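Comments concern the structure below.
The values are calculated or read from the model by the stated rules, or taken from the named source; none is laboratory data. This structure is a prediction, so every number in the text was calculated from the model and none was measured. In this analysis, Cβ positions are derived from the backbone assuming ideal geometry, glycine residues included, and neighbour counts consider all displayed protein chains.
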Amino acid sequence: MAAKKFVVGCFGDEAVLFPAVKKVRAAGYKIHDVYTPFPVHGLDHAMGLRETSLHTAGFVYGITGTTTALSFMSWVFTSDWPLNIGGKPHFPLPAFIPITFELTVLFSAVGMVMTFCYLCQLMPFVKKHIFHPRQTDDKFVMVIEVTNKSNAGEIKDFLASVGAAEINEQIAEPGWWYGRFDREDRLYAEQPAPLNV
């Protein structure tokens with residue numbers, strides 16, 4: 001993945017960050033991400049993020065589990081190994097309910113966890129660029145991508161006007177990559193020093 005240029009604005013308070021996010025979006029700049037030390041209510045809507053589809057994925061995984069359980073038990077008891085147990089039918093649906101329920105919950109839970117980890121890029125040995133060392137500690141960090149329609153200078157001026165306490169320009173890969181946090185990467189070594197405003 002190619003490295004991109006970003007302008008990073010650091011805010012000391014969520015009361016300053018929240019209106020700044022709305023102003024940055026209204027000005028037409030592309031917000032890459034906003035990092036906060038705690039969840040800020042309504043920030044996802046201010047950033048223009050759509051509602052998650054994780055609940056839809058959970059429903060699909062649950063239906064898959066239900067279908068798998070009913071199909072397998074039906075095949076076993078009617079085709080593969082039909083047994084006449086006291087004159088009971090080969091397709092005793094009430095007896096299938098507990099196993100069907102458990103497999104539905106299993107497929108849904110495991111599927112949603114795996115989908116969540118994939119979407120959030122959470123797995124062993126995955127590294128992402130850290131835009132500010134205190135971005136999840138006590139600072140609110142807004143990262144704006146420099147595109148063809150904007151330049152870093154005007155973004156820095158705009159961030160200063162909306163209350164950013166610290167502003168710098170960085171070159172980073174926007175995605176994730178495999179690596180170890182105890183080793184220095186070339187990406188960090190070649191990154192220019194932060195420019196404070």
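Overview of values
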| read-out | value |
| --- | --- |
| Search result, residues across the stretch 137-165 that are touching a strand residue (DSSP E or B) at 6+ places or on another chain (Cβ under 6 Å) and in a loop (DSSP other than H, G, I, E, B) | 139, 146, 147, 164, 165 |
| Number of positions in the stretch 68-117 that are in contact with a His (Cβ under 7 Å, 6 or more places away or on another chain) and surrounded by 15 or more Cβ atoms within 10 Å (Cβ to Cβ) | 1 |
| In the stretch 137-159, the residues that are touching a helix residue (DSSP H, G or I) at 6+ places or on another chain (Cβ under 6 Å) and within 19 Å of residue 173 (Cα to Cα) | 144, 146 |
| Number of the exception - residue 15 against (1) of a type in the set (A, V, I, L, M); (2) without any contact (Cβ under 8 Å) to a residue 24 or more places away in the chain; (3) part of a helix (DSSP H, G or I); (4) not assigned by TED's automatic domain parsing to the domain that holds residue 171 | (4) |
| Verdict on residue 70 being in a loop (DSSP other than H, G, I, E, B), aliphatic (A, V, I, L, M) and free of Cβ contacts under 8 Å to residues at least 60 places away in the same chain | no |
| Contacts under 7 angstrom Cβ, first residue in the stretch 76-103 being assigned by TED's automatic domain parsing to the domain that holds residue 61, partner of a type in the set (Ser, Thr, Tyr) and surrounded by 12 or more Cβ atoms within 10 Å (Cβ to Cβ), 6 or more apart | 90/78; 91/74; 91/78; 100/66; 103/68 |
